[in-house]
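Peer 1: Would you mind keeping the following structure in view while I ask a few things?
The values are calculated or read from the model by the stated rules, or taken from the named source; none is laboratory data. For clarity, every value in this text was computed on a predicted model and none was experimentally measured. Ideal geometry is used to build each Cβ from the backbone, glycine not excepted, and the neighbour counts take in all protein chains shown. For the accessible areas, the whole protein counts, side chains as well, though only heavy atoms, and no ligand, DNA or RNA atoms are used. Shrake-Rupley method; radii C 1.70, N 1.55, O 1.52, S 1.80 Å.
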Amino acid sequence: MRMKFIYGLFFLLVGCSTQQAVVNIQDHRMDFEGAALREGIPAYGKTEYVYQKDGKNRFKIDFGEPIVVAVADKPYKWGFFQFPGLYMSDQGEIVARWNMAHDDAESYGKGGHGYAVSKDNGKTWTQTDKPPIGGGLALKNGEYINIHTPPAMPRKDLHLPEPIATVKEAYGRTFRFWKTEDLPKELQGVYIQRRTKDRSEWIVEHNDIHEPNMVRYADNDLLPIVWWGDMKLEKDGAIVAGVYPGFTIVNGAVPPSDVAFYRSQDGGRSWSFIGRIPYRYDPIKDPKGGQRHALGWTEPAFEILQDGSYLTVIRTTDGLGNSPMYYSRSTDQGKSWNKPTAFTKAGVLPKLKQLDNGALVLASGRPGLQIRVALDEEGEEWSDPFEMLPWLEGVDGNTLTCGYPELVQTGKDKFLLIYSDFQFKTSTGEIRKAIKTREIIVKKM
């Protein structure tokens, strides 16, 4: 059955000091596979929209002015002055962080960041060399934990058996695979950072994962421990992690990476496998999906919704070009997942957040940088994208932004978004990379 892509927007401007618009999604439709990549609803400056569909007001969204956090002092190559993040310090400050290292396995676990701090909820920012302590998943016992990525280990320094499989990844890197149990202890399990509020530093732990047939890989000549994704707290205090790349042995082979889910009942000191979302691409909406032999699903965003169900949004864009984001749901706490559905034409590093008022928001990027709001309770129907940065036809998306967003909730119905802008013009007319934030308010109607 062919999925339909809703389009056809018009804007009714309402006179006021701030630009307001009613966005009416008309019942014009076209086939997903026939739709070209196009911009969504422009939201480049301070703007308020009421989003309508089927003659009903669905939500109101207010976009604050973009705030510049930091501007690069010189031109930087890919990997530097991008990949931003946000966290709340223990003192209530908002801390912005961005990458200052090459984007490859050689840089894993070796630091290289810029930082800025805001004491007024993102209105103004001050750069700092030493960021305030904070962030992490808050546990019920008062501890905080983070996933930690240690430096990758050179393959030449290890005495390894022959790999069970070797394939080329879409960007051209060679991936070799081993059963985790056949690797040195340092390359098994997961590394976790832990702290308490009365401790001024994070302590790194090396903890166990219980999963049969688990596989790990070498990226060219380095063996990283990549366990990237989101950790969430269930009502009973258990921790659930939805991470990639998940590799396992299936019928003697190693399929493209999946999203794997793990639960910890002891505060992250040990983890047990729950379930996985196997890589199953849509051949019509994702025609190059069969060319992914190493990394299939990547960069999952994971949220436990207010009704207790799990929702995941997953990236597939890679060296093959722009390709869809997919969503999948679980109603049995991650043991099984419905077949992933492609619902966008592109997108990297999706970020999901259900606000305290029930609004479910999704940030993603490349080309451009978008915000979407769910039109249902399950996250299976989404608004058209609101564009934070213009996407220009024929322009390489990598020259506009890294497309990696992050968000932190700052109130019942609002959050702060952080992203990169590679085309920021300085006061002297130079084009530099910049890190920006915006306050966004979403109210269901």
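Peer 1: When ligands, DNA and RNA are left out and all protein chains stay put, how many square angstrom of accessible area per residue does the stretch 142-211 have with a 1.4 Å probe?
Peer 2: It amounts to 56 Å² per residue over the stretch 142-211.
Peer 1: As a test of reading the structure, rank TYR262, TYR87 by solvent-accessible area (1.4 Å probe, protein chains only), most first.
Peer 2: TYR87, TYR262
Peer 1: Would you mind getting the Kirkwood hydrodynamic radius of the stretch 97-161 from its Cα pairs, rounded to one decimal in Å?
Peer 2: This gives a value of 15.1 Å.
Peer 1: Let me spell out the model: positive unit charges on the Cβ of Lys and Arg, negative unit charges on the Cβ of Asp and Glu, origin at the Cα centre of the chain. What dipole size does that give, in debye rounded to 20?
Peer 2: 320
Peer 1: Say each of LYS288 and HIS210 gets a label point 7 Å from the Cα, pointing the same way as Cα to Cβ; how far apart are those two points in nm?
Peer 2: 4.2
Peer 1: With every protein chain kept in place and ligands, DNA and RNA left out, what is the accessible area per residue of the stretch 44-132? Probe 1.4 Å, answer in Å².
Peer 2: That works out to 51 Å² for each residue.
Peer 1: Relative contact order for the chain: what percent, with Cα pairs under 8 Å and sequence separation of 6 or more?
Peer 2: Relative contact order, the chain: 15 percent.
Peer 1: Kindly provide the Kirkwood hydrodynamic radius of the stretch 236-393 in Å, to one decimal, from all pairs of distinct alpha carbon atoms.
Peer 2: Over the stretch 236-393, the inverse of the mean reciprocal pair distance is 16.3 Å.
Peer 1: Let me ask another. Restricting things to alpha carbons, find the Rg to Rh ratio for the stretch 92-219 using the Kirkwood radius for Rh.
Peer 2: Rg/Rh: 1.05.
Peer 1: Further question on the same structure: How do TYR279, TYR171 rank by accessible surface area computed with a 1.4 Å probe, from largest to smallest?
Peer 2: If we order TYR279, TYR171 from most to least accessible, we get TYR171, TYR279.
Peer 1: Now, a different point. Determine the share of the stretch 116-207's accessible area contributed by carbon and sulfur atoms, expressed in whole percent, with a 1.4 angstrom probe.
Peer 2: Roughly 47 percent of what the probe reaches on the stretch 116-207 is carbon or sulfur.
Peer 1: Shifting gears a bit: In nm, what is the difference between 0.36 nm times the number of residues separating GLN127 and GLN91 and their Cα-Cα distance?
Peer 2: Using 0.36 nm per residue and subtracting the Cα-Cα distance, I get 11.3 nm.
Peer 1: Still on this model: Would you kindly give the portion of the calculated P(r) for the chain that falls above 29 Å, as a percent of all Cα pairs?
Peer 2: 47
Peer 1: Over the stretch 283-424, what relative contact order in percent results from Cα pairs under 8 Å that are six or more residues apart?
Peer 2: So the answer I get is 16 percent.
Peer 1: Between the alpha-carbon centers of the stretch 421-445 and the stretch 43-95, tell me the distance in whole angstrom.
Peer 2: 7
Peer 1: Over all directions, the average projected area of the alpha-carbon convex hull for the stretch 152-228 comes to how many nm²?
Peer 2: 6.6
Peer 1: Also, quick follow-up: Modelling each spin label as a point 7 Å along the Cα-to-Cβ direction, I'd like the ASP104/SER200 distance in nm, to one decimal.
Peer 2: According to this spin-label approximation, the distance is 3.8 nm.
Peer 1: Let me ask something else about it. Report the Rg/Rh value for the stretch 182-227, based on alpha-carbon coordinates and the Kirkwood definition of Rh.
Peer 2: Taking Rg over the Kirkwood Rh, I get 1.08.
Peer 1: OK, next. Suppose R0 equals 25 Å; then what is the FRET efficiency for GLU181 and LEU233 from their Cβ-Cβ distance, rounded to the nearest 0.05?
Peer 2: 0.25
Peer 1: Could you list, bin by bin from short to long, the percent of Cα-Cα pairs of the stretch 294-336 in 5 Å steps?
Peer 2: 6, 22, 26, 19, 13, 9, 4, 1
Peer 1: Follow-up. Reachable aspartates and glutamates from LYS168, Cα under 15 Å, same-chain residues fewer than 8 places away excluded?
Peer 2: ASP219, ASP221, ASP318
Peer 1: Now a separate question. For the stretch 322-445, what is the charge dipole size about the Cα centre, in debye to the nearest 20, if Lys and Arg each add +1 at the Cβ and Asp and Glu each add -1 at the Cβ?
Peer 2: Taking the Cα centre of the stretch 322-445 as origin, the dipole is about 300 debye.
Peer 1: With every protein chain kept in place and ligands, DNA and RNA left out, what is the accessible area per residue of the stretch 286-445? Probe 1.4 Å, answer in Å².
Peer 2: So the stretch 286-445 comes to 33 Å² accessible per residue, rounded to a whole number.
Peer 1: In debye to the nearest 20, how big a dipole does the stretch 90-134 give about its Cα centre with +1 on each Lys and Arg Cβ and -1 on each Asp and Glu Cβ?
Peer 2: 180
Peer 1: Multiply the residue separation of GLN423 and LEU158 by 0.36 nm, subtract the distance between their alpha-carbon atoms, and state the gained length in nm to one decimal.
Peer 2: So the chain would gain 91.1 nm between GLN423 and LEU158.
Peer 1: Roughly what would the spin-label model give for GLU377 and GLU65, points 7 Å off Cα along C-beta, in nm?
Peer 2: Taking the two extended label points, one gets 4.1 nm.
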